[in-house]
Amino acid sequence: CSNCEQVLFDIESLKHLKFADTRMEVSRRRVLLRHLEPARPLRRCVHSDVGNAHFYFTTYLVQIEDTCILDLGFLFSVERISYTREVLIGLASCPEAKKRPEYLPDHPIVGRKIVLDLFFLTFFNQRNRDCALEFTASLLCK
Amino acid sequence: MNNKFDALKDDDSGDHEQDQGSPKDSEKEKLEEDDKEQNIIKRKMVVPGPGEHPLQYNYTFWYSRRTPGRPASTQSYEQNIKQIGSFASVEQFWRFYSHMIRPGDLTGHSDFHLFKEGIKPMWEDDANKMGGKWIIRLRKGLASRCWENLILAMLGEQFMVGEEICGAVVSVRFQEDIISIWNKTASDQATTARIRDTLRRVLNLPPNTIMEYKTHTDSIKYSLGRLPWSGEC
């Protein structure tokens with residue numbers, strides 16, 4: 001997606017920046033207010049903490065997929081791990097999901113055997129279920 | 001428990017009951033045993049297994065039931081709620097869910113709770129105390145399906161309200177069942193509106209469905225006003 005492309009672009013560009021150095025920045029305020037004059041660059045020393053921020057920032061980007069940069073000014077958010085109902089239901093059929101939990105209390109609400117009346121068996125459209133199971137199978141094969 | 005939260009939970013949506021008396025010795029022993037058992041579960045840190053699908057948060061299943069024939073006043077809600085287990089992945093969730101009976105098959109005054117790990121399904125928990133819940137009252141026969149859809153939406157992060165969701169409850173009662181979803185900040189109207197809209201969507205609720213938002217502060221006030229316990233709500 002375009003966001004991902006933007007992220008990749010930003011990773012590459014940030015890798016080459018040395019935030020501990022002084023660098024040239026353009027004052028946006030001056031540009032806006034005094035637009036008839038040539039923009040005068042400001043020499044600003046970026047605090048060394050920004051170097052750490054850069055490190056964590058790029059580490060985040062490299063480690064986590066689906067990252068979206070909101071703003072180039074180090075404002076960014078990381079998408080959450082989300083699943084649709086169909087994917088979750090599809091995963092119910094995999095062998096790992098059917099094992100009895102290791103620590104399951106002895107309690108009347110806990111069945112000795114797997115409770116078979118999962119709602120997707122009765123309410124889920126058969127064709128969609130097949131798709132979900134195929135999807136699950138493909139995940140398990142990876 | 002001996003504080004304001006010992007009060008009754010009056011609205012029946014997975015809430016507390018008062019604790020005015022001391023449990024008998026045999027009950028105390030049983031509760032201590034239960035605590036030990038639950039501590040063992042708590043100490044076991046859950047992580048997704050290799051190749052499993054991690055969830056955004058770890059969650060814990062809880063179960064509570066008012067013992068038939070015993071006055072509610074002798075029980076504390078906290079003592080009455082039982083931890084079933086925690087999970088960190090989709091597969092681990094299904095392991096628990098598949099081995100638990102469905103809400104529609106519960107009898108009596110029972111609740112299933114599914115809360116983020118570390119958050120107790122109690123008003124007074126730090127994560128809940130400023131929060132509230134959306135309540136939907138269901139005709140008998142709908143609880144199992146609605147509960148499943150609700151918790152799948154919660155685990156799948158379908159509500160899109162950041163860290164706001166605390167957990168969900170299904171409460172089985174005599175003439176109706178109630179599902180509710182708890183969030184952290186009752187005063188955040190944008191968040192509560194988004195939760196409401198998502199609930200409508202994931203539960204496929206008709207537009208005229210009555211949905212009630214109740215702050216936990218109000219629940220506490222109301223329950224204190226109802227003391228002493230005088231019977232089934």
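The values are calculated or read from the model by the stated rules, or taken from the named source; none is laboratory data. Please read all numbers here as calculations on a predicted model, not as lab measurements. Neighbour counts run over all protein chains shown; Cβ positions are idealised from the backbone, glycine included. Ligands, DNA and RNA are stripped out before the accessible areas are found, and what is left, the full protein with its side chains, is counted by its heavy atoms. Shrake-Rupley method; radii C 1.70, N 1.55, O 1.52, S 1.80 Å.
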Give me the count of lysine pairs in region B:54-225 whose alpha carbons sit under 19 angstrom apart, restricted to pairs 8 or more positions apart or on different chains. 17
Where the centre of each part is set by its Cα atoms, how far does region B:83-97 sit from region B:50-65, in angstrom? 4 Å
Roughly how many Å² of residue B:107 are accessible to a 1.4 Å probe, to the nearest 10? 90 Å²
Other chains' Cβ within 10 Å of B:98-107 residues: what's the mean? 5
Let me know the mean shielding of B:85-94 by other chains, meaning the per-residue number of their Cβ atoms within 10 Å of its Cβ. 5
Taking each residue of A:86-94 in turn, how many C-beta atoms of other protein chains fall within 10 Å of its C-beta, and what is the average? 5
Could you give the nm distance between label points at residue A:106 and residue B:201, where each point is 7 Å from its Cα heading toward the beta carbon? 4.6 nm
Enumerate the whole-percent occupancy of each 10 Å bin, from 0 to the last occupied one, for all C-alpha pair distances of region B:54-225. 10, 40, 40, 11, 0
How many Å² of accessible surface get buried when B and A come together, counting both sides, probe radius 1.4 Å, rounded to the nearest 100? 3300 Å²
Under a Cβ-Cβ cut-off of 14 Å, what is the net charge of the residues other than residue B:189 that fall near it, where Lys and Arg count +1 and Asp and Glu count -1? 0
Apply the Karplus curve 6.51 cos²θ - 1.76 cosθ + 1.60, θ = phi - 60°, to the phi angles in region B:208-217 and return the couplings in whole Hz, x for Gly and Pro. 8, 5, 7, 10, 10, 9, 10, 6, 5, 4
